[in-house]
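Take a look at the structure below.
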Amino acid sequence: MDQNWAAEQNIFEVIRKSEKNRHTTDVDTRLAKTHWLSDYARDIFLTMREQELRRLPMFFLSSQIDDRQKLLQFLQLVARTHKLGRCALHLAVYYLDRFLDYYRVRPDKLFMVSITCLHLAAQIENTDAFIPRFSELNQLVRNVYTLSEYKVVERKLLCFLNFELVRPTTASFAELFACSFLTRCDFAAYTEMLDECEREHNIQAFPRYGSFEQMLGSLGQQLVSMADYTLSTFPMIHPRFWPPPALLRFDRSAGLSAGRSTSLN
């Protein structure tokens, strides 16, 4: 026990934050269009909403906020190197933001904490059987940390998160709806709009999508990619209200990309 405490003291500077209360639509039509999830679409969505409401709050009080962009870029590099999914990256950032909001980490150990967050997130979100080991991830920082140090941080993270590792992120909702936000009726209306424009002006005003599948694939990919922009959304001061939950952030992006307004109210 004393050895564990000594190991933690070598990494963390514990600064407890004051406890605060946590905060808390009808999307049946959109869910009904989610063909690839079939009959389980609504159950999956409701479960994600319930899990989202149990996310740890952010107080934006980290004294190491200036290091966040550097750590984010490092996590993106690690995720690309080991071909980890978008959802794993977003979940790792969720772990990291909450953890650094509560603990102060020695500056030379920040990359180790980031790697540990991504390692845990990959085990939750990565659909492939391959999950990179700490020894493999450590090579990206030239093996500067020991495996025992990673185990200390991993244990600290698990206890901090109370072993509740499954939490939906913006990327989770984006991937959930990427195949369903656009319908064949939307494509028909889009085609009719372009036909009318060409008849009135006698010119081809805009390039066309050749098929519904092509339009869905293109816009769906843009939606999923836009989820990454939310990783950099981080207020520098504590806002009056909590930041928008992941679903609201995605829904706004969905409305913009699809060329129509979208509302969850």
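The values are calculated or read from the model by the stated rules, or taken from the named source; none is laboratory data. Since this is a predicted model, take the numbers as computed values, not measurements. Cβ: placed from backbone, ideal geometry, glycine included. Neighbour counts: every protein chain shown.
Residue check: is F163 surrounded by fewer than 12 Cβ atoms within 10 Å (Cβ to Cβ) and under 19 Å from the mean Cα position of the chain (by Cα)?
Yes; evaluated as a whole, the condition is true for this residue.
Find the residue count for the range 73-101, including only residues that are surrounded by fewer than 23 Cβ atoms within 10 Å (Cβ to Cβ) and closer than 16 Å to V152 by Cβ.
Residues meeting the conditions: 1.
Collect the residues in the range 115-153 that are touching a Leu at 6+ places or on another chain (Cβ under 7 Å) and under 23 Å from R54 (Cα atoms), keeping them in residue-number order.
T116, C117, L118, H119, L120, A121, A122, I124, E125, N126
Of C159, C197, which residue is hydrophobic (A, V, I, L, M, F, W, C), farther than 17 Å from R86 by Cβ and at pLDDT 90 or above?
Exactly one of C159, C197 is hydrophobic (A, V, I, L, M, F, W, C), farther than 17 Å from R86 by Cβ and at pLDDT 90 or above, namely C159.
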